[in-house]
1. Inside region B:238-274, can you point out the residues that are more than 10 Å from chain A (Cβ to nearest Cβ) and more than 25 Å from B:GLU30 (Cα to Cα)?
2. If the Cβ limit is 6 Å and pairs must be 6+ apart or interchain, which residue in region A:121-145 that is at positive phi pairs with which residue that is open to solvent by 10 Å² or more (accessible area, probe 1.4 Å) and not aromatic (Phe, Trp, Tyr)?
3. State yes or no: is B:ASP247 open to solvent by less than 60 Å² (accessible area, probe 1.4 Å), of a type in the set (D, E, K, R) and free of Cβ contacts under 8 Å to residues at least 40 places away in the same chain?
4. For A:LYS79, indicate whether it is more than 24 Å from B:GLU256 (Cα to Cα), in contact (Cβ under 8 Å) with a residue 12 or more places away in the chain and touching a strand residue (DSSP E or B) at 6+ places or on another chain (Cβ under 6 Å).
5. So in region B:120-136, with the set limited to residues that are free of Cβ contacts under 8 Å to residues at least 60 places away in the same chain and closer than 15 Å to B:GLU52 by Cβ, which one is nearest to the other protein chains (Cβ to nearest Cβ)?
6. Filtering region B:192-214 down to residues that are under 22 Å from B:PHE294 (Cβ atoms) and away from chain A (no Cβ under 14 Å), which residue is most open to solvent (accessible area, probe 1.4 Å)?
7. Given the criteria open to solvent by less than 70 Å² (accessible area, probe 1.4 Å) and touching a residue at least 60 places away in the same chain (Cβ under 8 Å), does A:GLY161 qualify?
8. Those residues that are closer than 17 Å to A:THR143 by Cβ and β-branched (Val, Ile, Thr), I need them from region A:160-200; list them, please.
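The values are calculated or read from the model by the stated rules, or taken from the named source; none is laboratory data. The structure displayed is predicted, hence computed values, not measured ones. Here the Cβ positions follow ideal geometry from the backbone for every residue, glycine too, while neighbour counts run over all protein chains shown. Note: accessible area is taken over every heavy atom of the protein model, side chains too, but ligands, DNA and RNA are not part of it. Shrake-Rupley method; radii C 1.70, N 1.55, O 1.52, S 1.80 Å.
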Amino acid sequence: MNSKLKTALFSALILFVGFACSEDDEITDPEQTMGKVGNYWNAGAPGYQDGRFTISSNDNGNVVGTLVFQGTSYPVEGKITDQGIYDYVYSNGDKSKPFTLVKFDANVGDKWEFNVGNQKVTREVVRKSTEDDVEYGFWLVKTVDVEETIPAGTMVGDNEGEVKKIVWQFNHKFGFISATVTKTDNTTVKVSGYSTNAAD
Amino acid sequence: MRSHNHIIWYFVLLLFYSCTPGSMNKEDAERSLKVLNSDLVNFGNRMSESTEMKVWAFLLENREAPIPFYKNSNSFISVKNFHFDEMKGIYKWNSLDKKFDLTGHSEQIIILPDSTGKHLLQFIVSDFNSAKVSSGEAFPTSVKIQMKEDDHEIWKLDYLAELADGMPKKIELKMKGKEYTMNSNYLRTKSGENGTLSLTFSFNHLMKTLIDTRLDCTIGYSRQSYFLKTIDINQQLFDHEIKGEVDYASIDPTAEDYTASFNSHSKVFLFEKRKGRIGDVILEGTENNELNDFFVRFKDKSTKQIGEFLPVFDKLMNLKY
């Protein structure tokens, strides 16, 4: 399998599960968020084995989970709140530097930035459903769509990412819905979530 | 007695500071940066014209070349899923079909990249091992490569790495060309959730040290990786020096005024040896403030983008290797 595509799919899954810190006033009780122990999300992309992320612990919102993808397990940690999802992919796991991935009450045009040296990763809300209009499994759901723009040369971990844009779709109840990943060679991969027990 | 010591130290410090060249005026500083750029350009040209770099460039561009590395779409060098034992043999470049033909057996990988030149060039991989790091990607743990021209060694590389916790722990790289040597070391330590990282790089041409870099960092550990807390920079580039400290942990990457956060927690200075301080390196917004870039701040507090004086840096960033 093409390693670039694997990297792109893996990056998307890592990013979608890379939950991180929250604001102090946000609720982190797992009973009131999607971060309950045992919650899982399944996702897949054409031509790839499906991936699954499962939460294995939640300490006051600090989430630790495992992503199983292509037969390999990857540990992932972070935090999830009632109001949004944050990640620290670009801070290499430094929990003191969260980066907003989505706020469920955000509006079109809301923008978050994360700077690394002279490079700036941006996330901007580009669409918000006013009715249930996005397919998710057998349902139609509302989504908040966030466009992430990654400048060339941005390091993710020890490697330069091969992704330049991701359009995320999130739902306040189901969490991750999909990610359309545009790689630096302009090919795209759509990673779609198809089931979760987070809304049970 | 103790007060005498204080007095002696006071005079020692006074003497030291009085002998240290001060800050350059803007005109001299700009001239000095142009000299540095010229040194870098000459260095880059000389390296890229060497036989070994031409061979490397050719092999890296060709994804099917029987070597463990390739140039990815971002112009970085990536490691292939490469099995040394399975690839052993003698390969000859077939310029007609644009491929490498396996022409014989060997206990090494011997590549004949050019059959049309006056000299017989050989690119010989005698050892390659890799292990998976936490991202699942292959990371080289041992590499031995040699280049020969008419059976005379013109270039060699020895590389050894140790991994721990799914990440590189120690790397030693030695490279030797006809007139130069290059050495680089990487050492990561871990103590609980904290640790250190040191990186050294030196390039010597004949008997002269052209580049000598040392970065000492303190780091914190996350589940899969590590993140920087502080960086101590000591770099010699020809007749110039870059020195400073960055308190990375205190910089807020999501701050509304990120450049202010960055500049208040970093102190990086440019010097020309024996001539003094050129200026400080700071981060500022470019004209429309959409992007940030590194600027030199001169003695008179005016600033200019580093790229204006050192366009070679932009080229290096594009090459990325």
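1. Within region B:238-274, B:ASP247, B:ASP257, B:HIS265 meet the criteria.
2. A:GLY137/A:SER195
3. Details: open to solvent by less than 60 Å² (accessible area, probe 1.4 Å): yes; of a type in the set (D, E, K, R): yes; free of Cβ contacts under 8 Å to residues at least 40 places away in the same chain: yes.
When the stated conditions are applied, B:ASP247 passes them.
4. On the way: more than 24 Å from B:GLU256 (Cα to Cα): no; in contact (Cβ under 8 Å) with a residue 12 or more places away in the chain: yes; touching a strand residue (DSSP E or B) at 6+ places or on another chain (Cβ under 6 Å): yes.
The answer is no for A:LYS79.
5. First pass over region B:120-136, keeping only residues free of Cβ contacts under 8 Å to residues at least 60 places away in the same chain: B:120, B:122, B:124-127, B:129, B:131-133, B:136.
Checking the rest, the ones that are also closer than 15 Å to B:GLU52 by Cβ come to B:120, B:122, B:124-125.
On the way: B:LEU120: 34, B:GLN122: 29, B:ILE124: 26, B:VAL125: 20 Å.
Going through the qualifying residues, I end up with B:VAL125.
6. Filtering region B:192-214 for residues that are under 22 Å from B:PHE294 (Cβ atoms) and away from chain A (no Cβ under 14 Å), the one most open to solvent (accessible area, probe 1.4 Å) comes out as B:ARG214.
7. Working: open to solvent by less than 70 Å² (accessible area, probe 1.4 Å): yes; touching a residue at least 60 places away in the same chain (Cβ under 8 Å): yes.
So A:GLY161 fits the description; yes.
8. A:ILE166, A:VAL167, A:ILE177, A:THR180, A:VAL181, A:VAL191, A:THR196
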